[in-house]
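To keep things clear, I will list the structure first and then write my remarks on it.
The values are calculated or read from the model by the stated rules, or taken from the named source; none is laboratory data. Predicted model only: the values in this text are computed from it and were never measured. As a convention, Cβ positions derive from the backbone with ideal geometry for all residues, glycine included, and neighbour counts pool all protein chains shown. Protein only, heavy atoms only, side chains kept; ligands, DNA and RNA dropped before computing areas. Shrake-Rupley method; radii C 1.70, N 1.55, O 1.52, S 1.80 Å.
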Amino acid sequence: MNKITRRAFLCGSAATAAVAIGQAGKARAQSSLTQSPVIRVAQSQQVLNLYSARHYDTDTALYDSFTARTGIRVNLIEAEADALIERIKSEGANSPADVLITVDAGRLWRAEQDGLFQPINSQAISQAVPANLRHPDGLWVGLSKRARVIMYDKTKVNPAELSTYEALADEKWRGQILVRSSSHVYNQSLVGSLLQATDANRTEAWARGVVANFARQPEGNDTAQIKACAAGVGSIAIVNTYYLPRLAKSEDPAERAVAEKIGVFFPNQRDRGTHVNISGGGVLKTAPNREAAVQFLEHLVSRESQAVFARSNNEYPVVEGVELDSVLASYGRFRDDAVNASIFGRNNPEALQIMDRAGWQ
Ligand code: FE
């Protein structure tokens, strides 16, 4: 796959020195180098290899601040999650990867099933991140949160008509529901959360009801569902929160007009709360630089990093009290389902079978 790109980020003291050497002020840089040659060499050799399925340029600011703080360079390998997992597996004991970051607890579970992670064991992380957003044995940690919500056409649906995910199976919504395919992990995790909250029979009956209410056969990603909703193909879309701020902030006026038409409803506020998922990361079992890997994850859950990390994709921080993106904040506060995110992975195979049987393509 040619999608894999490699970037090395040099900054902080090591980069400052490198830049300074290339410039006219050689004398000063030389003198600082000669003052502590051992430290300079040690710093230039410390590298953290990050395999990430997040593709946001703003994340690079966080790698820079990590380097500035620790002197450790971040070498980034970017690709889709499944490609990264396959790559780590094929690299085996010789893998240079220290940290794997991906989105959706269902995908972290796949890496966990392949035995790729080792426990993190960090007090700083356990204190900063709520227990339900961390693996029970510390194999991965949530770094940002997204809610899978009900979005609706404000001209057609009164939010007072909405209540729970369960109620979307009601025949009142015949021909109205837009949602992406069951092959996508976001829906598998949502169904996994319903399995946890109810049982297999009720979840299957629910899935059949939702399929009967589809406005069309599933196609496209979450953005496509929002656009179809605004275009009148259906009146309700099941999507992740961050897709709407993306449209609201778009440079394309047509996309901003789409966002204007759409309302956000947080389901199940009177019972277990709205289904939330995470993007998260873990330290690889074969990490050559384990200590730096833990330090890096600690850096990402610091208050300063959280504001940047979550905002780069219009997500919710995992650390309480960190300011939200203003568009995201305008959708209001909500209570999230406090089930441990590791459950979504555990329930994944059954969720998939249920969606198959229900005819959710
Ligand atoms: Fe997404």
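Report the residue count in the stretch 217-254 for those that are in a loop (DSSP other than H, G, I, E, B) and within 12 Å of the ligand (Cβ to nearest atom).
Within the stretch 217-254, residues that are in a loop (DSSP other than H, G, I, E, B) and within 12 Å of the ligand (Cβ to nearest atom) number 3.
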Checked against (1) within 16 Å of the ligand (Cβ to nearest atom); (2) farther than 30 Å from residue 201 by Cα, residue 308 satisfies every condition except (1)
Could you list, in sequence order, all residues of the stretch 152-161 that are touching a Phe, Trp or Tyr at 6+ places or on another chain (Cβ under 7 Å) and assigned to a strand (DSSP E or B)?
-> 152
Run down 216, 256 and say which single residue is surrounded by fewer than 18 Cβ atoms within 10 Å (Cβ to Cβ) and out of contact with any strand residue (DSSP E or B) (no Cβ under 9 Å at 6 or more places or on another chain).
-> 256
Take the residues in the stretch 195-213 that are in a helix (DSSP H, G or I) and free of Cβ contacts under 8 Å to residues at least 60 places away in the same chain, then tell me which one is surrounded by the fewest Cβ atoms within 10 Å (Cβ to Cβ).
-> 201
Are any of the residues in the stretch 194-216 in the same structural domain as residue 346 (by TED's automatic domain parsing), within 16 Å of the ligand (Cβ to nearest atom), under 26 Å from the mean Cα position of the chain (by Cα) and at pLDDT 95 or above?
-> no
Kindly indicate which of 217, 225 is over 26 Å from residue 335 (Cα atoms) and polar (S, T, N, Q).
-> 217
Taking the stretch 86-116 and the residues there that are closer than 24 Å to residue 240 by Cβ and open to solvent by 10 Å² or more (accessible area, probe 1.4 Å), the one that is farthest from the chain's Cα centre (by Cα) would be 113
Would you call residue 154 of a type outside the set (Val, Ile, Thr), within 16 Å of the ligand (Cβ to nearest atom), open to solvent by 20 Å² or more (accessible area, probe 1.4 Å) and within 30 Å of residue 207 (Cβ to Cβ)?
-> no
Confirm whether residue 183 is within 16 Å of the ligand (Cβ to nearest atom), among the hydroxyl-bearing types (Ser, Thr, Tyr) and in contact with a Gly (Cβ under 7 Å, 6 or more places away or on another chain).
-> no
Before we move on, is residue 294 within 27 Å of residue 96 (Cα to Cα), modelled with pLDDT of 95 or more and of a type in the set (A, V, I, L, M)?
-> yes
For the stretch 272-285 the number of residues that are assigned to a loop (DSSP other than H, G, I, E, B), within 17 Å of residue 101 (Cβ to Cβ) and open to solvent by less than 50 Å² (accessible area, probe 1.4 Å) is 0
